[in-house]
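The values are calculated or read from the model by the stated rules, or taken from the named source; none is laboratory data. Keep in mind that what you see is a predicted model, and the values were worked out from it rather than measured. For neighbour counting, all protein chains shown are included, and Cβ atoms are generated from backbone atoms with ideal geometry for every residue, glycine included.
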Amino acid sequence: MKRRQFITLLGGAAAAWPLAARAQQPALPVIGFLDPTAPDGDPKSLRGFRQGLKDTGFVEGENVAIVYRWADNQLDRLPELAADLVRRRVGVIATSGNPATNAAKAATTKVPVVFVVGDDPVKQGLVASFARPGSNLTGINFVTAELTAKRLELMRELVPGTKRVAVLAGIGGNAETVAKDAEAAAIAMGLQIQVLRANTSREIDAVFETLARERPDIFLVGGGPFYSSRRAQLVQLAAYHRVPATFSGREFAEIGGLTSYRGNTTDAFRQAGIYAGRILKGEKPADLPVVQASKFELVINASTARMLGLTVPPNMLATADEVIE
């Protein structure tokens, strides 16, 4: 063989080696992330989820891939998005909120599902028990709904002489739990209560028209992905109508909401990321107990309080996790 031919063959073989090596590399494990909102809905949740994965040795783009499916607040899209993730044969599906979790549950009984939900997952029929989920689902209970009574107590302390409360709840998800808990708490406190519903931006506008007529002493906004995505609208309308309002997450207080009280979302999604990583390593969701959120945050926007003519009691200032000036 001529020297030039030999060098050409050798060079071609050398170029083929990296291709062959890449072809033999195992594909990255894939996580499906199903969310009813938009990609910019709650960046802290994603940061927490990725941190949880990192805590178990997985880094997105390096040794794990994440396929994101966002419903853009169109809940009727969730079943098809969940089915798409199942068809892709992802290793685990992470879900945010009850609607996304229910869609994933309906789509598969085999693919592991790690949820973050605000309502009791046992009452919702997602798992058999907290200690032994018993199926392909497990995750984090954010206990958003169960905090309704505490939020009312805090607002009654902040707004002396409170007699009437209005509550904004959606439809589906944990909305009914929020409404029932609010009614029970209001009755126990001797308050009159009015439950209002809104599932669209226009319906939120209509709710505030009702508040302008009825003039409740305090206003409690329920939790959920849709209300979080409409937080600017809700906070601005509450300020415009000068209604003392309490919200479920700190993202509301950060942009001018009077108060918020809820579990720490970043920590909840970090725990969900840890569970997703453990499942990728071979553990079964049926053996991973549902975790209840243990970190709760009270955030007070002091400048909004002053705008409303309210004086925050010293004990509330002392117990608040953050006071925004």
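Structure notes:
- Scan the range 42-62 for residues that are assigned to a loop (DSSP other than H, G, I, E, B), of a type outside the set (A, V, I, L, M, F, W, C), surrounded by 15 or more Cβ atoms within 10 Å (Cβ to Cβ) and over 16 Å from the mean Cα position of the chain (by Cα) and the total you get is 1.
- When A107, A83, A103 are checked against the criterion of being closer than 27 Å to L147 by Cβ and of a type in the set (A, V, I, L, M), A103 stands alone in meeting it.
- Selection status of V143, under 15 Å from the mean Cα position of the chain (by Cα), at pLDDT below 95 and surrounded by fewer than 20 Cβ atoms within 10 Å (Cβ to Cβ): yes
- Checking each residue in the range 157-187 for being under 17 Å from A245 (Cβ atoms), over 21 Å from the mean Cα position of the chain (by Cα) and in a helix (DSSP H, G or I) picks out E157, L158, A185, A186.
- Selection count, the range 171-218, where residues are among the β-branched types (V, I, T) and buried (at least 21 other Cβ atoms within 10 Å of the Cβ): 3
- Which listed residue is at pLDDT 95 or above, within 23 Å of the chain's Cα centre (by Cα) and under 28 Å from D120 (Cβ atoms), from V290, V235: V290
- Residue count, the range 188-223 (criterion: at pLDDT below 95, assigned to a loop (DSSP other than H, G, I, E, B) and out of contact with any strand residue (DSSP E or B) (no Cβ under 9 Å at 6 or more places or on another chain)): 2
- Screening the candidates L154, L168, L126 for the property of being surrounded by fewer than 24 Cβ atoms within 10 Å (Cβ to Cβ) and either within 24 Å of I31 (Cβ to Cβ) or not assigned by TED's automatic domain parsing to the domain that holds Y68 (or both) yields one hit, L154.
- Where a residue in the range 187-202 is closer than 16 Å to V221 by Cα and its partner, wherever it lies, is not in a strand (DSSP E or B), with Cβ under 6 Å and at least six apart: I193/E183; I193/A186; V195/A179; L196/V207; A198/I204; A198/V207; N199/G170; N199/I171
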